[in-house]
Each structure stands twice: as C-alpha cells, then as structure tokens.
1. From Glu369, Glu356, grab the single residue that is surrounded by 13 or more Cβ atoms within 10 Å (Cβ to Cβ) and outside any loop (DSSP other than H, G, I, E, B).
2. For segment 481-561, which fully contained strands (runs of 3 or more DSSP E) count at least 1 residues that are of a type in the set (Phe, Trp, Tyr), on the phi < 0 side of the Ramachandran plot and in contact with a helix residue (DSSP H, G or I) (Cβ under 7 Å, 6 or more places away or on another chain)?
3. For Asp410, which of the numbered conditions (1) within 30 Å of Gly355 (Cα to Cα); (2) in contact with a Pro (Cβ under 8 Å, 6 or more places away or on another chain) fails to hold?
4. Using beta carbons and a limit of 9 Å, which pairs, at least six apart or on different chains, have the first residue in segment 231-244 and of a type in the set (Gly, Ala, Ser) and the second one outside any strand (DSSP E or B)?
5. Please go through segment 414-452 and pick out each residue that is out of contact with any Gly (no Cβ under 8 Å at 6 or more places or on another chain), part of a helix (DSSP H, G or I) and charged (D, E, K, R).
6. Provide a single number: the residues in segment 65-113 that are closer than 30 Å to Thr157 by Cβ, modelled with pLDDT of 85 or more and under 38 Å from the mean Cα position of the chain (by Cα).
7. Out of curiosity, is Leu263 at pLDDT below 90, in contact with a Gly (Cβ under 8 Å, 6 or more places away or on another chain) and farther than 27 Å from Thr372 by Cβ?
8. Could you go through segment 307-320 and let me know if any residue there is of a type in the set (Phe, Trp, Tyr), part of a helix (DSSP H, G or I) and either closer than 21 Å to Lys286 by Cα or touching a residue at least 40 places away in the same chain (Cβ under 8 Å) (or both).
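The values are calculated or read from the model by the stated rules, or taken from the named source; none is laboratory data. Since the model is a prediction, treat every value here as computed from it, not as a measurement. We place every Cβ from the backbone using ideal geometry, glycine too, and count neighbours over all the protein chains shown.
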Amino acid sequence: MQLSTRDYRVKDARTSPLYFCTPTQDVLTVVALMRQHNVSAIAVREHDKVVGIWTESDCVRMQSQNQGYTRQPISELMSTPVHCIDSEDKLSDAALKCANLGIRHLLVVDPNEQPSGLLSLGNIVDSQGLEHYLHLKIIGTHFDRHVPCVQGDSTLTQVAQQMAKSNTHAVLVKHRGELGIITAADVLDMLLCRDKQQPCWQYASTELVTVTPKDTLLCAYHKLHQHRIRHLVVVDSHSRCELGVLTLKHINTEIESAYLTELRAVLAERDSALQASKKDLYLANKIIAASLDGIMITDHSGVILQVNPAFSRLTGYSAEEVVGKTPKLLSSGHHDEAFYHSMWQTLARDGVWQGEIHNRRKDGDTYVEWLTIIAIQEQDDENLVYAGIFTDITERKAAERKIAKLAYFDDLTGLPNRRLFKDRLSVALAHSQRQQQRLAVMFIDLDHFKGVNDSLGHSIGDELLKQVAQRLQHCVRSGDTLARLGGDEFTLLLNEVDSLDEVIRCAETVLAQFNASFSLAQKSITVTTSIGISLYPDDGGSMETLLKHADVAMYRCKDLGRNSYQLIRPP
C-alpha cells in the first residue's frame, strides 16, 4: 500500500448524507425516518446542535436486550458525545482521530461550524484510491465464518438476539430448503411492521450474491457496489457450500488496518522531519533575536507578523506596538508614491529589493536605513511573506557628508576649496567651449594680511577670513563659484560673461565690500584687497593658463599700490 501524496482534505472525501431527528422522538419514529431516507445512521439535533447519533447497530443491540424500547425517546438511547471534524482538516488527521478514539464515524462541520455530513473510516480509505491494493489481496479468511443461521419462522427478537450474540450485522435464514440473508437494515423494516411476531423469512433476501475465498477483495468490493448491498455469501469454490458472510466492513477493516499502519509510519516520518524543522526554526529564531540588524517579517498584504529586539532598539517601537499593523507607521514622508511603486515592481520581478530609505522613529526623529526586502515562499505553499532587514546608516551618512565636505570645502569659511573650484572651472570651460561663451576668473588676495596675523594673532586672522568670506558671497551670482584656495587667497569664477564691463562691475563690487571696516576683538580694522582677472578665451583656453594669468594680474595690482583690480591684458 502507498498513501496518496496529495494533501487530501475532509471536504475532498465522499461523505454520507446527514439527516436529523429530535431528542424527544421515539425510536420507532426515528427508525421510520432512517428507512425513509435509506440511511444507516441519523443525527439527533437539539437547538441547532447535534447531541447524539443513532445507527442500525444500535437498533439491533437494543432489540436483543429490550423489546419495549421502541417507544422510548431517542435521547435516552443515542450514542454520545458526538465527535466532530472540520471540513478543511486533513483526512489523515480524521483517520488518526477515529483510530485514537476507537470510533468509526465523525460529524463533518463546515467553516461556519454547521454539520454538513457524516464521515466514516471507510470514506477516508475510499478517497485514497486503493484498487491496486485490493487487487493484490484475496478474500482468504477475511470474512465471518461464524454467521448464525436461523429458521425462517424466527421472530424479530430472535434475529436481533442472534446478531447481538455473534456481534454480526447479518444472519443466514433457512426456509424449506432455500437460503436467504437478513441484515441490520432488514431489522429496521421488521421493527416498523405492526406484527412483531411475523416470521423473518419474508424479510430475507434470497437472491444471494456469492464469492469464493480465492476471489480478490477488489472483486468483492465491485460486487458490493454493483448490487448496492453490504453483504456477500462466501461459498466453497468446489462444493458451493456456504462458508460465511463477507461484508463491506470486512474489506474496510482489512484496508483500514493497513492504511492506519502506513499512515502512522508516514506521520512518524513527518514528525521526524518536523522535529528537524523545529530545530532549524529554533536556531533561526535565535539568530534573528541576536542579530544587530533590525528584522521585520510581514504577510503578503504587508501586515507585520514578527520583529526582533534590534528592530525595537532602532525604531523605538516594541513588538506589541507594531505586530498586526503595517510598516506605514515608520514612514517619514520623505519618499513619494513613485519610489514605493518602483520598489514593489523590483520586488515582484526579482524577489529582492535593496536601497536607502528614510524612516521615522517613535520619538519623531528621522533616520536613514539600508534596507533589504526579500520575498519568501516555500514550494507548494501559497502563503507569501516578506522579510525586511535594515541597518541604521544615519551616522555613516553624516560621516560621509563630513568627509565629502572636508574633501571639497574649506573647513574655516565653508566655501569650496581648491579641489572643488578646479572641478567647477573645468566643467565651466567645457560648457563655454560648446556654447562659445566667455567666463572670467578673479584672484582675490587680502592686502597686508600677514600683519593682522602677526599683530593680533591667528585666531583674529581666522575671524577676519570668515567675515571676508561672508561679504564676498554678496558678490556671487547664481551659478558662479566663490572659493578659498588657502591662506588669504580667494577665487571667483564668473560663468556666461556677456562683456568685459560686466566683469569690471563685479570687481568694483568686490572692492566695495572692503570699504567698511571689520570688527575684530572689539576693534575696527580696515582691510583692502588686490584682484587679478583673466578672461576666457581672451587670456587662455585652459584652466592652468587662466589661473596663472589671474595670479600674475593680482601681483601686478599689488605692485601698483593694492586696493584695486588689474586685468592680465589692459582693455
């Protein structure tokens, strides 16, 4: 035998139809209902709840013990409690429940907990498609050799007593050389008869369907279904003498035994795999809990299922505050819908997304995190979950900005330094060459700055440089660049110059910034500056040439008395 690998549910199995009676109805009325619907069992329902079960076997047992029971309320005789199984549960779980409780029937309830059918162990076995197994098994001794035989004039009570005594669901009946059979279903018909003393022969089936011990269980199974009966007479293959009775229960018992044996083996193997899986899950949970990275797991719709301690430490939210909610509570508002749309598109296509994202902590602080989202779906599992793993990179980003600032900006004045000025001049030259436009470079050097440092100290000199930088920024147009090359040397890059007059006006504006004195150490100090100017393309076509000519012009200005500007080439 090999169990089906499909994950069958109770709803996939063929169940017996369910009919109901009330607890106050007497046995005879209930039996009439069973015969009316041609069922072997009926459910007892009170206030929309099934409280008991009554079967053909119960009728036979009670008839053999108490002939007056037919007028008793069914509530006094029914089997209780009733064991239920959900229609969405696995068939394997239903089989184990029957085996563990020692019962053969379960009441099937739908997702609304309403009864929908009766599931037998036979129904469970039938759903496995065991024809191959039945084909390999012969009837052999799988039948009842001790079926009682009664005379045709026996009464209902005598028949029931024989069935109960031998624990069978059928008796053979002999009458004037003929042979018939009476089953538990026939006992119900006899109960409904007004004259309970009528001979049993008139209820016996005489068209007996036979098999031999050498036939297969599959052959017997097909005959039972073909003739819609539950009993076959087993006869000797040579003498054709009756050897006993084979019922559907005998077949089911044989395959149920094999089924449950294999089911337990399969479940033992599953339990072993489950233990290994639990160990892996335990290790994974330990690793997640110990991780310094924040970890958040959501379902397919984004509802948070689990977070680790690092998540709470980084965001300020406890697990209780976020489980059941969505990651939107972390949103900083920094990203637009297009950002998230692109994220989910990538995630759907590749199963993973990585990138920087700005989120907000519980206390309102915004932080930057490096986030990795992974889509996780086990094979043959429809449930999709997402794992988000993130690291707070706010400090790292600040450090990167600081490094970039140190690399490209003057630490004292905050102006671009020599490196950034050259980068921007290189870009400006390329643009001017393409657009055939002019640009100008100014070298601005303070006059007698060394004397300020020597007389007032370097801290006062640094303060002077800061104030000079602030005043010079008033001379810078949008798109121009003011930089400090070092010491008291400043440079100004003028883009898209239309005429020389425009450059001269700018130089005069710079000189005007020094007309007012500077307040340093509670003293008023007057400082002037010398400016050297070079023009592209008039004074050179390369960055090195322009810088050199502006520097030369600035020194010529100092030689001529300072506090003025000079062009490398007079206008």
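1. When all the criteria are applied, what remains is Glu369.
2. Those strands (runs of 3 or more DSSP E) span 489-497, 518-520, 529-536.
3. (1)
4. Within 9 Å, the pairs are Ser237/Thr212; Ser237/Pro213; Ser237/Lys214; Ser237/Asp215; Gly244/Phe143; Gly244/Arg145; Gly244/His146; Gly244/Val147.
5. Within segment 414-452, Arg419, Lys422, Asp423, Arg424, Arg434, Lys450 qualify.
6. Within segment 65-113, residues that are closer than 30 Å to Thr157 by Cβ, modelled with pLDDT of 85 or more and under 38 Å from the mean Cα position of the chain (by Cα) number 1.
7. no
8. Yes, that holds for at least one residue.
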